[in-house]
Each structure stands twice: as structure tokens, then as C-alpha cells.
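Peer 1: Sharing a structure below in C-alpha cells format, with a few things to ask.
Every number in this text was worked out from the coordinates using simple rules, so none of it is lab data. Since the structure is predicted, the reported quantities are computational estimates derived from the model, not experimental observations. FYI the Cβ positions are ideal-geometry reconstructions off the backbone, even for glycines, and counts take in every protein chain you see.
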Amino acid sequence: MRHPYDDGGAARHGQGVAMRQRRGRIAKLARQALDVARQQLACGGEALALHQLGVLYAHADPPNAEQAEAHYQQALALADELGMRPLQAHCHRGLGTLYATVGQRDQARAALTTAIAMYRGMDMTFWLPQAEAALAQVEERSRQR
């Protein structure tokens, strides 16, 4: 006998469809923001849009690691050039978590260590625990091997 709230997974399926549609709209808006920033020569906006595209590709189902890495790297290069230190730290954290996801532990460790040092240096205490937790997971997985 089914539980009265058991819909056979229909709600989860509907949530999945809604999430994919929402991600599609968000990706479209991020690409539009990137186009506008490039047309207006707004390098800061371009760097932010590139970072957002990296986040979207990294968290896609399944993740598109190649596209995510390319967008994070482009955002990082612009952020470095423009002195956007918080965005640099976010790019390193994004790259670190991406590398951890695809099993590139040495690269993950390096990127996350950089992000942690930058967050500490800027007293960005909100993001610091997230980066530290990601690094701890990388270290734990390394010990298990």
C-alpha cells in the first residue's frame, strides 16, 4: 500500500524539469550579460558574467568541466588584470571545487589553497568556511587512496 503522499516520484521529476528549465533561462541571461558587457567594453561585467557561466557549467547535470574551466580561467584572467581580488578568489574556489569533482586533486588543492589565502587576506569570512570545507574533502579523499 502506498503512502498517501507517495506520488511515485512525479514531484521529484517535476522539480528536476523545473530546475533544468530555470538553469536554461539563467544560462541564457548570463550569455546575454556577457554579450552586453563585451559590446559596452565593460570588462568588470564581462569578468562577472564569465564567472557565472563557469558556475553554471560546473553545476550542470552532468557538469561540463571543459566549459566550466574555460570560463573560470577567462574570468580569472580578467579579474587579475582589473584587480578584482574578490572575484579572483571566487574563481580559484570554483576551479578548486571543479577540479575536485573531476578527480584532479593536486589542482584542486592548489586552487582551493589560493582561494583560502585570498579570502583570509581580504577578511571574507562568509566564503572562507566553504573553501576550507572543500579543501578538507579533497584531503580526505587523498588519504583514502
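Peer 1: If the convex hull of the alpha-carbon atoms of the stretch 45-145 is projected onto planes in all directions, what is the mean projected area in square nanometres? Working shown, then result.
Peer 2: Values: hull surface 24.3 nm².
With every direction weighted equally, the projected area is 6.1 nm².
Peer 1: What whole-number distance in Å separates the alpha-carbon centres of the stretch 71-89 and the stretch 120-145?
Peer 2: If you average the Cα positions of each part, the centres end up 20 Å apart.
Peer 1: Ok, one more. Determine the dipole magnitude for the stretch 32-145: charges of +1 sit on the beta-carbon of Lys and Arg, -1 on that of Asp and Glu, nothing else is charged, the reference point is the Cα centre, and the result goes in debye to the nearest 20.
Peer 2: Numbers: 9 positive and 12 negative charges, 68 e Å.
Magnitude of the dipole: close to 320 debye.
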